[in-house]
Structures are given as structure tokens and as C-alpha cells.
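Right, one structure below, let's go through it.
The values are calculated or read from the model by the stated rules, or taken from the named source; none is laboratory data. Since we're looking at a predicted model, the values are computed, not measured. Glycine also receives a Cβ, built like all others from the backbone with ideal geometry; neighbour counts cover every protein chain displayed. Keep in mind that these areas ignore ligands, DNA and RNA; they rest on the heavy atoms of the full protein, side chains included. Shrake-Rupley method; radii C 1.70, N 1.55, O 1.52, S 1.80 Å.
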Amino acid sequence: MSFQRPRGTRDFLPEEMRLRRELEQRVCAIFRSFGYLEVATPTFEHLELITAKSGEEIVERLYSFQDKSGRWLALRPEFTAPVMRMYVNSLQSAPKPLRLYYFGPCFRYERPQSGRYREFWQAGVELIGSATPEAQAEVLALADTVLRELEVSYELHVGSVGVLRKLLACHGVGEEEQVRIMGMIDRGEMLRAEDMLKELGAGEVTATLRSLTELRGGAEVLEEAAELLRGCGDALKELHRLGEVLEALEWYGVRELRVNLGIARGLDYYTGMVFEAYVPSLGAEKQVCGGGSYSLAEVFGGKPVPTSGFAFGFDRLLLACSQKPAQERRVMVIPLGVEMLKEAVGIAGMLRSRGVSCELEVMRRRLGKALAGADARGVSHVVLVGEELRQGKVVLRDMHTGEQREVKVESLPEVLSSA
RNA sequence: GCCACGGUAGUGUAGCCUGGUGAGCACAAGGGACUGUGGAUCCCUUAGCCCGAGUUCAAAUCUCGGCCGUGGCCCCA
């Protein structure tokens, strides 16, 4: 009888786990360096929390279930809703702005493929309580800093759903239709979006919309956009806001970005600036980060509060930065014969209490085999405990160079620490 | 939910088209030869046809279904 892993899940063996922890720590350290504080929420939430934010259609992409007393629950598909729920429950009267970050597994019932799993990890932040250009820019700059520090080659696209929505509103398109059209734009279905607009009697906006979503470039394309939006005051106002964010981004040193008004992010709770980061080398699942400014607290029964945030797809990030692990010091203590076992155990214990991690040879192998075994498991330093112990010494062997020297037991921790 | 390709010891593979000999090889793992330097060499051992049904005297091999994997669509991170 043997069992397979559930589809779309992974086991992480020691080597990969080390890489994951390393990356997690690097990313979270950068979050903290911007003043963000870590939070955690439950792995599952009430199903309604998720559907309140994303609509009933999302249910088929969720792991949802009834518990033993009939409550409908769902494994979280992302963190924004849970974190905002937590904010509404417990943090509404905390001093603003609130800077929160999270890291943890999320679950979606989707077809697995490269860079897409049913259990995957997200790392992200929410900045709650400020909608100033500098606050929005900070969030984006934070994402940019992470990508830059990881030395991956990426593209940052910045847009504004506010501009698009106000443009549509300007031509009499209602809220609900706006959402549907934005979804089509996000999926690149411009023709469908145009058909729908014509049906709604807003056919005259299609040319403007098309030109607008095809604009690409630096901050200078905002001028072209302004031309296109002439006569639509609300949209121009949104465009001006985007301009302010872009200006602030310059102060943060974020210059390698492209304005892309075609980013709609499909989701209806975004209000203003939106952004996405891509790592082209990842292929189909190249989006490593998505975020923007939104207003969600009121959906969960709180007072509206302007918020900006983003989430990294941690697994994709890991794929993107093919970092090779730093050489790790790994120590093994080998007794030369059973009669030295007791002493070897003692020395291993002494090393551990002095902060040097080490493992003990427990297979009673002959020296040759023991060395071969140590090598096979990636040990970098071996401590041989033999008759030199009568002079209070052990033999320290560097497994990479093959060099050996006798070292006093009491100076062993120090010598190994600097190795 | 849809499409393409795939699944043989722990890993990588041969065999499949053309059904029929104890399913072969390499590496890994465990033991030994061999008493502190043999990270070697030699020998031994462990361990496999994804699951189920069908066709057949006979299935790793052919057919169907399922499961899982890889990549793509969709969606997203």
C-alpha cells in the first residue's frame, strides 16, 4: 500500500527546503526594512468571505467544504481578503498607516502546470490607511526592491483601473458593465469588449479605449493619454493621480517601469493604480507579482479605508532567481573505534552547546567508509576523535581540501566557527 | 473544464512499434573484503513494469477508463 501526493501539491526535500527558507527570509527582511510587521491568518475562512470579495463564480476554483456542523468553509486562495477581514475585526482603531506583511500557503483548485500548483505560497504586504501618491509608490517600490535585490530580470508594468473606469463612466457605462469590460481587457479580449460597448451604445469610446490600452512607455506617455482623454474630466483626474504616483516612484529610484493602461487586473475591488511584475523567462506563468490600490474594508463590514498592497507568487519567485546555495558549513564527529564513542558524543555535545551544529557518525563504520559517507552527505568538516585525545586534541579534516590538522578540543568551537 | 505528450527499482534508462527466455544496464542505498585516512577497488544484498477492466493460451508490450506528471488554453500568483 502506498500513497501518492494529492495533485498539484509538492514535497520539499531538505535541499529545496533550504533554498525556500533562504528566499523567504530575504524577502521578509526587505518587507521589514520598510517598516512592515508580520501577521498571520487562518488557513481556512468562511466561504462567504471569499465570495464577498470575488463573487460566486470563484467557488469552482476553491477548495471549499462543509465542516461537521455544516459551516461552509474554504481554504484561502490568497491573503488580501483574510488580512482585510482581520483588519476590520481587530485593527480598525489602530494608528494609521498600518504596514502589514504575510507569508504562507494558499490553495486553488486549478489545473497544475509550470509555476502553478494547487498549494502555493504567497508573500505580500498591505499598507492600510493612506492613499497618498507616496504611499502607493512605496508599495510598488517595495516590490521593485525585492525583485532588484534578487537580481532577477523582470518587467514592471503600471496602470490605473481608475482611468479606464472613469472613461467608461464618462460614456454612460454602468458599474457592473465596467467590471465585465475590465475583465475582458485584462484577458486581452479587446474585440469582445468593443462589441459589448457598441451594444451599450457607447461605441464611440472604443477607439479611445484601444489607443489608451495600447500605450506603452515611461511617464511621458501620460501626455498622450491626456490627449486621448480630453473632455472627460474624471478620467483626467485619475490620470493625474497616476502621474503623481509615477513622480513619487522616481524619488524611490524606481525608473525601469512601463506604463501600461491595459492592466485591468480583472478584480473589481481595485480603485486606482495597479501593477504587475513579469519574469519573461518563466514562460506561460510569468507573472510573479500583482497589486495595486483598492478599497475592501467596507465589503467586510468595516469603514472604507484606502489600501495598497501586492502579493508575490513565492514559488515563481524561487523559479525566477536560480540562486545557488551558499556553501554551508556542515560538521561531522567521527569516533575512531567504538571505544572512542563516549568521548565523541561528549565532544559533539560540547560543540552544540557552543553554537556549532554537528552530527555524529552512528553507523559504526570504518574510517574509510565513514569519510565516504560524510562526503556523500555533503559534510564540509570532519572531527576525528581518536588517541590524540590523550593530549586533549582531535583531528580536524577539511573535506574539500583534504587538509588535516590537530586541534585542541577547547579551541575546536572557535576554529570551526571561523571555518 | 479543454488540448498535447508521458508514467519500467530511490534516480536515470533498455525492452513496447512486431504480445512469448529468470524485465537488462548505470548510479544511489545497506553489508562485507579491510584495525586511523582506501572520499578508492572488488564482491554481495535490497528494490521495479502507476491503478483497474478488456482482448488473448499468454500483456511491461495491444484496447478502454481512471490516477498522476510535464507543457499549453483558461484563469491567476
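Report the Cα-based extents of the range A:223-295 along its three principal axes, largest first, to the nearest Å.
Result for the range A:223-295: principal-axis Cα extents of 41, 30, 24 Å.
Spelling out what I want: for every residue of the range A:282-293, take phi, set θ = phi - 60°, compute 6.51 cos²θ - 1.76 cosθ + 1.60 (Karplus), and round to whole Hz; glycine and proline get x.
For the range A:282-293, the Karplus curve yields 7, x, 4, 9, 8, 6, 9, 7, x, x, x, 9 Hz.
Quick check: residue separation of A:Ser411 and A:Phe34 times 0.36 nm, minus the Cα distance between them. What number comes out in nm?
On the way: separation 377, 0.36 × 377 = 135.72 nm, distance 4.08 nm.
Additional length available on full extension: 131.6 nm.
Tilt of helix A:341-353 relative to the longest C-alpha principal axis of chain A, in degrees (0 to 90, nearest 10)?
Computed tilt is about 40 degrees.
What value does the range A:331-417 have for Rg/Rh, both radii from Cα atoms and Rh as Kirkwood defines it? Walk me through the intermediate numbers first.
On the way: Rg = 11.5 Å, Rh = 12.6 Å.
That ratio is 0.91, to two decimals.
What percent of all Cα-Cα pairs in the range A:1-102 falls into each 5 Å bin, going from 0 up to the bin containing the maximum distance?
Result returned by the calculation: 2, 10, 15, 15, 17, 17, 14, 8, 2, 1, 0, 0.
For chain A, find the longest principal axis of its Cα atoms and tell me its angle to the long axis of helix A:14-33, 0 to 90°, nearest 10.
50 degrees
Quote the accessible area belonging to A:Lys53 in square angstrom, nearest 10, computed with a 1.4 Å probe and with ligands, DNA and RNA left uncounted.
Only protein atoms counted, so the area is about 20 Å².
Residues with amide H under 5 Å of A:Tyr109's amide H, sequence separation 5 or more or different chain, H placed in the peptide plane at 1.01 Å from N; which?
A:Leu62, A:Tyr63
Can you pull the percent of chain A's accessible area that's carbon plus sulfur, 1.4 Å probe, other chains left in place? Don't jump to the answer; show the numbers that get you there.
On the way: 10410 of 21280 Å².
Summing carbon and sulfur atoms, their accessible area is 49 percent of the total for chain A.
For the range A:95-194, state which trypsin sites (Lys or Arg not before Pro) are in a DSSP loop and have at most 16 other beta carbons lying within 10 Å of their beta carbon. Could the numbers behind the result be given before it?
Details: sites: A:Arg99, A:Arg108, A:Arg116, A:Arg118, A:Arg148, A:Arg165, A:Lys166, A:Arg180, A:Arg187, A:Arg192; in loops: A:Arg108, A:Arg118, A:Arg187.
Loop-located and lightly packed - A:Arg187.
Sorted by accessible area (1.4 Å probe), largest first, how do A:Met363, A:Met17 line up? Let's see the in-between values first.
Working: A:Met363 120, A:Met17 65 Å².
Ranked list, largest accessible area first: A:Met363, A:Met17.
List the GluC sites (Glu not before Pro) in the range A:127-190 that DSSP assigns to loop (not H, G, I, E or B) and whose Cβ has at most 14 other Cβ atoms within 10 Å. Which are they? It would help to have the intermediate numbers written out before the result.
Values: sites: A:Glu134, A:Glu138, A:Glu149, A:Glu151, A:Glu155, A:Glu175, A:Glu176, A:Glu177, A:Glu189; in loops: A:Glu151, A:Glu189.
Within the range A:127-190, the qualifying GluC sites (Glu not before Pro) (loop, at most 14 other Cβ atoms within 10 Å) are A:Glu151, A:Glu189.
Compute the long axis of helix A:367-376 from its Cα atoms, compare it with the longest principal axis of the Cα atoms of chain A, and write down the angle in degrees, 0 to 90, nearest 10.
10 degrees
Averaged across orientations, what area in nm² does the convex hull of the alpha carbons in chain A project?
Numbers: hull surface 110.0 nm².
In nm², the orientation-averaged hull projection of chain A is 27.5.
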